[in-house]
Amino acid sequence: MGKMHFISGLPRSGSTLLAALLRQNPRFHAGMTSPVGALFTGMLNQFGAGSEFGPVLDRDMRQQLLRGLFDTYYAAQADKAVVFDTNRLWSARLPAVLDLFPQAKVIACVRNVAWVMDSLERLYRANPYEQTKLFNGDIERNTVYSRVDTLAQQNRLVGFAWSALKEAYYGAQADSLLVVEYELLAQAPERVLRLVYEFIGEPWFEHDFEHIEYDAPAFDEALGVAGLHRVRPKVAVESRRTVLPPDLFEKYAQLSFWRNGDGSAAHVIRTKTD
């Protein structure tokens, strides 16, 4: 397997778009969220204290087994010089990730959390005859307030990703993290992508920002959220009004911790602050 890097960050913040662009490079493999993160966590649970197998697996064996997971899953990509695995989990697993792959980089896509919630709410409203798996029962899905607050919980779609990224941003391995704001990726894709290439130390490839292909309808329909991973064929900024009530939008618009670089060694591609 070639070099290993990771894509993480917040949902609805450009990670699928970034992967769709990177995969245009014939030297690269990238895609939507893979099952490697879930398999990784399952293996760790089998290794942990109190498990049946923990006492017979020393640190070196655990490392070899986890590295073997990546080698096996990406065996079909052996011809690729660089592989990107996408999962929001990796932000919370930087110590293990960088122990397995010391030269790896993590690219975290972010967006104003209020607009993340707005995007998810739009998808929910676009599928009015579907009971998405994003929510567990009517209490969680009844109103926009219950839906957004549910997604913000620390063990749910947005809350977990936000907490994991904040841990990585202020953690000891933050120097291996590149945070990319969605708005800049959409406004100036070539400029941002050139910075990504520089960060991972790869030669530039001329990308086509007018013709992008990526969709995963079967996966999205199984989740009950059609269009979750559909990428528009052309990179562009879409201006719109929010569908969130003003108080709800304001509440979640205050959570962009990456706008302040104090106390973090992470690299950030962000719009200028006043």
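Of the options [x] 19.7; [y] 18.6; [z] 17.7, only one is Kirkwood radius over Cα pairs in Å as computed from these coordinates, and that is [x]. Find the centroid of the Cα atoms in the range 47-71 and in the range 116-175, then give the distance between the two in whole Å. One Cα centre to the other: 32 Å.
Listed values for the range 246-252 are Karplus-derived 3J(HN,Hα) couplings in whole Hz (6.51 cos²θ - 1.76 cosθ + 1.60, θ = phi - 60°), namely x, 5, 6, 4, 4, 4, 8, and x replaces Gly and Pro.
Applying both filters, DSSP loop and at most 13 other Cβ atoms within 10 Å, to the chymotrypsin sites (Phe, Trp or Tyr not before Pro) of the range 120-155 gives TYR129.
Can you tell me, using C-alpha contacts under 8 Å and at least 6 residues apart, the relative contact order of the range 1-125 as a whole percent?
Computed over the range 1-125, the figure is 50 percent.
From its DSSP helices (H runs of at least four residues, each -39,500 (n - 2.57)), the chain gives a residue-normalised ellipticity at 222 nm of -12000 deg cm²/dmol.
Provide the convex hull volume over Cα atoms per residue for the range 101-217, in Å³.
153
Considering only ALA81, ALA188, ALA49, the mean-square fluctuation computed in a Gaussian network model of the chain, springs between alpha carbons under 10 angstrom, is largest for ALA49.
For the residues LEU248, LEU165, LEU177, a GNM of the chain with alpha-carbon springs under 10 Å puts the largest fluctuation on LEU248.
The amide H of VAL180, built 1.01 Å from its N in the peptide plane, has ALA108, CYS109, VAL110, ILE269 as neighbours under 5 Å, considering only residues 5 or more places off or on other chains.
In a DSSP loop and with at most 10 other Cβ atoms within 10 Å, the trypsin sites (Lys or Arg not before Pro) in the range 120-219 are LYS133. Each of TRP162, TRP90 has some number of other Cβ atoms within 10 Å of its Cβ, and from fewest to most they run TRP162, TRP90. Between the exposed loop cleavage positions of the chain, defined as GluC sites (Glu not before Pro) in a non-H, G, I, E, B DSSP state with at most 10 neighbouring beta-carbon atoms within 10 angstrom, the longest gap is 53-205. The ranking of MET4, MET117, MET43 from fewest to most other beta carbons within 10 Å of each one's beta carbon is MET43, MET4, MET117. Across the range 3-269, Cα pairs under 8 Å and at least six residues apart give a relative contact order of 27 percent.
Read-outs: derived from the displayed coordinates by stated rules, not from any lab. The model shown is predicted, which means the values in this text are computed figures rather than measured ones. Backbone-built Cβ (ideal geometry, glycine too); neighbour counts: all protein chains shown.
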